[in-house]
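The values are calculated or read from the model by the stated rules, or taken from the named source; none is laboratory data. This is a predicted model, so every value here is computed, not measured. A quick note on method: Cβ atoms are made from the backbone with ideal geometry, for glycine too, and the neighbour counts reach across all protein chains shown.
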C-alpha cells in the first residue's frame, strides 16, 4: 500500500474512513506520518534513552521474577501457554510501580497519540489522572464481567496460536532476517515475497 492509495474497505465497513495525518506534529516527522498512513507503521528511532530503558527493565524484573516463580510451582509448570524461562505475562504493572505509571503516561505516548490518534489524547489524559486504586477496581470489575463471558479462554487460544506460529519455519526465517539484516530489510524482503 506504499503508493498512498486509499486502502480497500472490508465489505462490512460502512462508515470508517482513514484520515491522512497532515500535522503539525509533536513527535513524528512528516515522513514518519506518511509511512504510517501508507504502511501502517514506522520506526521511532531513539525514542527512549538507554538509561531509561535500563530503569524500566530494573522496575519490571522483580515482577517478572514473581511470575516465573509462580509458574514453576504451577501444576505442570505452566498456565495456559505461559512457561518459566520461555513465555511469561506480567500484567497491570502500572498499578504497582510509580516509575512504570509515569513512563506509560509520559508525554512521549501522549504526543504520539496526538500526532496519530487524535481522539485518544483526551481519553489518555483522563485515564492518567485516575488514582491507581480506582483504576485497579474498575479494571477488576471489567475483568470479572469479561470472565463470566469466557474472556480468559479467548486470549489463551489466541496466545497459544501465536506461540505455535512463532515456532513455524516461516517465522523463524523472518527472525533470522531480522537478526542478520535488521528490521527494515527483513520487512522489505517479506513484502517482496522472500
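Being modelled with pLDDT of 80 or more and exposed (fewer than 10 other Cβ atoms within 10 Å of the Cβ) is the filter here; which residues of segment 13-25 pass it? Step through it out loud before you land on a result.
The first filter runs over segment 13-25 and keeps only residues modelled with pLDDT of 80 or more, leaving 20-25.
Once the filter is applied, which keeps residues that are modelled with pLDDT of 80 or more and exposed (fewer than 10 other Cβ atoms within 10 Å of the Cβ), segment 13-25 yields only 24.
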Considering only residues that are farther than 28 Å from residue 127 by Cβ and in contact with a strand residue (DSSP E or B) (Cβ under 8 Å, 6 or more places away or on another chain), look in segment 72-113 and name the one that is surrounded by the fewest Cβ atoms within 10 Å (Cβ to Cβ).
-> 77
Just checking, which of 159, 124 is surrounded by 14 or more Cβ atoms within 10 Å (Cβ to Cβ), out of contact with any strand residue (DSSP E or B) (no Cβ under 7 Å at 6 or more places or on another chain), at pLDDT below 75 and over 30 Å from residue 21 (Cβ atoms)?
-> 159
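Restricting attention to segment 58-71, does a residue exist that is farther than 23 Å from residue 108 by Cα, within 18 Å of the chain's Cα centre (by Cα), surrounded by 13 or more Cβ atoms within 10 Å (Cβ to Cβ) and free of Cβ contacts under 8 Å to residues at least 40 places away in the same chain? Outline the logic, then answer.
Filtering segment 58-71 down to residues farther than 23 Å from residue 108 by Cα leaves 62-71.
Subset that is within 18 Å of the chain's Cα centre (by Cα): 64.
Remaining after also requiring surrounded by 13 or more Cβ atoms within 10 Å (Cβ to Cβ): 64.
With the extra rule that they be free of Cβ contacts under 8 Å to residues at least 40 places away in the same chain, the set shrinks to 64.
Yes, segment 58-71 contains a residue that is farther than 23 Å from residue 108 by Cα, within 18 Å of the chain's Cα centre (by Cα), surrounded by 13 or more Cβ atoms within 10 Å (Cβ to Cβ) and free of Cβ contacts under 8 Å to residues at least 40 places away in the same chain.
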Number of the condition not met by residue 28 [criteria: (1) over 18 Å from residue 184 (Cα atoms); (2) surrounded by 10 or more Cβ atoms within 10 Å (Cβ to Cβ)] | (1)
Could you say which residue among 22, 46, 52 is more than 23 Å from residue 161 (Cα to Cα) and assigned to a helix (DSSP H, G or I)?
-> 52
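Can residue 135 be described as surrounded by 13 or more Cβ atoms within 10 Å (Cβ to Cβ), modelled with pLDDT of 80 or more, in contact with a helix residue (DSSP H, G or I) (Cβ under 8 Å, 6 or more places away or on another chain) and on the phi < 0 side of the Ramachandran plot? Walk me through how you get there before you give the answer.
Numbers: surrounded by 13 or more Cβ atoms within 10 Å (Cβ to Cβ): yes; modelled with pLDDT of 80 or more: yes; in contact with a helix residue (DSSP H, G or I) (Cβ under 8 Å, 6 or more places away or on another chain): yes; on the phi < 0 side of the Ramachandran plot: yes.
Yes, satisfied.
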Determine whether segment 57-80 contains at least one residue that is modelled with pLDDT of 90 or more and within 19 Å of residue 183 (Cβ to Cβ).
-> no
